[in-house]
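Comments concern the structure below.
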Amino acid sequence: MNDPVATMRAAWGEAAPDWVVALAGACAASSQGRVADRMGRSAAVISQVLRNKYPGDMRAVEELVRGCYLAATVQCPALGTLPTNECARWRKKARVFMGANAMGVQMYRACQRCPLFRKEDTK
């Protein structure tokens with residue numbers, strides 16, 4: 001049986017960041033698939049992060065883990081306090097204007113003015 005904590009320790013060693021330890025713990029408590037679903041990523045991404053082989057934006061994955069599993073929050077100018085993973089999802093949606101509903105328009109405008117809306121998010 002695959003042990004996500006052992007996999008993470010083998011790849012990261014004792015210097016593993018707290019968010020990677022939390023990710024491995026979440027996978028051990030449920031499954032990589034469920035963790036991936038909750039974070040809006042694939043199980044392959046979770047596996048690569050645990051193995052310290054993810055070639056993508058680790059900072060983005062860290063933000064999702066912190067919001068989903070470490071109760072990290074940010075102060076949103078439109079919604080108040082919200083988990084970092086929800087902020088990341090709104091910022092992703094704000095890359096392109098979609099006037100389908102009032103909340104989407106409100107969040108697009110709020111995200112565009114927010115300092116957390118990084119320029120690299122718009123690429």
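The values are calculated or read from the model by the stated rules, or taken from the named source; none is laboratory data. The model shown is predicted, which means the values in this text are computed figures rather than measured ones. Methodologically, a virtual Cβ is constructed for each residue, glycine included, from the backbone with ideal geometry; neighbour enumeration extends over all protein chains shown. Heads up: the accessible areas ignore ligands, DNA and RNA and are worked out on the full protein's heavy atoms, side chains in. Shrake-Rupley method; radii C 1.70, N 1.55, O 1.52, S 1.80 Å.
For the range 68-85, the set of residues classified as open to solvent by 30 Å² or more (accessible area, probe 1.4 Å), touching a Gly at 6+ places or on another chain (Cβ under 9 Å) and not β-branched (Val, Ile, Thr) consists of TYR69, PRO83, listed by residue number. Yes or no: GLN32 open to solvent by 20 Å² or more (accessible area, probe 1.4 Å), within 14 Å of LEU116 (Cα to Cα) and of a type outside the set (Phe, Trp, Tyr)? Against the criterion (open to solvent by 20 Å² or more (accessible area, probe 1.4 Å), within 14 Å of LEU116 (Cα to Cα) and of a type outside the set (Phe, Trp, Tyr)), GLN32 does not qualify.
Of everything in the range 44-67, what is outside any loop (DSSP other than H, G, I, E, B), open to solvent by 40 Å² or more (accessible area, probe 1.4 Å), touching a residue at least 12 places away in the same chain (Cβ under 8 Å) and closer than 20 Å to ALA6 by Cβ? Give them in sequence order.
Selection gives nothing.
In this entry, VAL74 passes the filter for residues that are more than 22 Å from PRO4 (Cα to Cα) and hydrophobic (A, V, I, L, M, F, W, C). As a summary of the residue check, ALA44 satisfies the conditions (1) over 18 Å from LYS92 (Cβ atoms); (2) touching a Cys at 6+ places or on another chain (Cβ under 8 Å) except for the one numbered (2). Note on the range 86-102: residues that are open to solvent by 70 Å² or more (accessible area, probe 1.4 Å), within 22 Å of PRO115 (Cβ to Cβ) and outside any helix (DSSP H, G or I) total 3. VAL105 falls short on exactly one of the conditions (1) assigned to a helix (DSSP H, G or I); (2) surrounded by 16 or more Cβ atoms within 10 Å (Cβ to Cβ), and that condition is (2).
Taking the criterion of being open to solvent by less than 60 Å² (accessible area, probe 1.4 Å) and more than 19 Å from ASP57 (Cβ to Cβ), the residues of the range 9-23 that qualify are GLY13, VAL21.
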